[in-house]
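Asks: Shown below is the structure under consideration.
The values are calculated or read from the model by the stated rules, or taken from the named source; none is laboratory data. Quick caveat: nothing in here was measured; it's all calculated off a predicted structure. Note that we place each Cβ from the backbone using ideal geometry, even for glycine, and neighbour counts take in every protein chain shown.
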Amino acid sequence: MKYKIIIDKNADEEIIAIVHAPSSLTQRIEDLVCGYSGADSIMGYKDDEMRKLKFSEIECITIIDRKVIAIDTKGSRYRIQDRLRDLEEVLPSYFIRINKSTLANEHRIQRFDAVFSGGVDAVFYCGYKEYVSRRCFAEIRRRYEGI
């Protein structure tokens with residue numbers, strides 16, 4: 001496989017991949033290219049602090065006490081001013097919906113735990129746990145089975 005990148009500030013950006021057949025790699029490249037919005041961070045607020053949160057540093061974005069909250073890799077919580085549905089359009093494709101009020105960074109999910117009630121919890125590397133709805137878990141399973 002060959003790789004070539006040409007940097008030209010005057011040219012229109014385009015990505016061309018010539019492959020023999022579609023594969024999981026070509027699908028991942030397509031998801032990456034189509035999911036890229038140009039932004040790589042959002043602003044988070046905590047007390048008097050305002051911080052730029054990179055998407056890769058965010059474990060999940062959830063609603064707590066009717067406020068949109070981003071939880072970072074250290075477990076710190078930051079208030080986000082955007083609505084969850086608006087964020088879903090801006091975030092990269094590796095953010096997946098795990099329930100009605102939570103978007104999770106699938107790269108930061110450590111494991112899924114079965115709970116006594118028959119449900120499933122997503123456990124993040126920072127230690128935060130969030131339940132996964134049955135409908136969303138079925139979609140996540142289909143996504144992982146396709147790899």
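Asks: Could you grab me the full set of residues in the stretch 112-134 that are under 18 Å from the mean Cα position of the chain (by Cα) and among the charged types (D, E, K, R)?
Replies: Of everything in the stretch 112-134, those that are under 18 Å from the mean Cα position of the chain (by Cα) and among the charged types (D, E, K, R) turn out to be Asp121, Lys129, Glu130.
Asks: Residue check: is Val132 at pLDDT 90 or above and under 26 Å from Ser76 (Cα atoms)?
Replies: When the stated conditions are applied, Val132 passes them.
Asks: Checking the conditions here, which among Tyr94, Tyr78, Tyr45 is more than 28 Å from Glu139 (Cβ to Cβ), aromatic (Phe, Trp, Tyr) and free of Cβ contacts under 8 Å to residues at least 60 places away in the same chain?
Replies: Of Tyr94, Tyr78, Tyr45, the one residue that is more than 28 Å from Glu139 (Cβ to Cβ), aromatic (Phe, Trp, Tyr) and free of Cβ contacts under 8 Å to residues at least 60 places away in the same chain is Tyr45.
Asks: Can you go through Tyr3, Tyr45 and tell me which one is of a type in the set (Ser, Thr, Tyr), part of a loop (DSSP other than H, G, I, E, B) and either over 21 Å from the mean Cα position of the chain (by Cα) or modelled with pLDDT of 80 or more (or both)?
Replies: Tyr3
Asks: From the list Asp121, Asp65, Asp48, which one is surrounded by 12 or more Cβ atoms within 10 Å (Cβ to Cβ) and of a type in the set (D, E, K, R)?
Replies: Asp121
Asks: For Val33, only one of the following conditions fails: (1) at pLDDT below 85; (2) over 15 Å from the mean Cα position of the chain (by Cα); (3) not in a loop (DSSP other than H, G, I, E, B). What is its number?
Replies: Failing condition for Val33: (2).
Asks: For the stretch 94-147, how many residues meet the condition of being assigned to a helix (DSSP H, G or I) and of a type outside the set (A, V, I, L, M)?
Replies: 13
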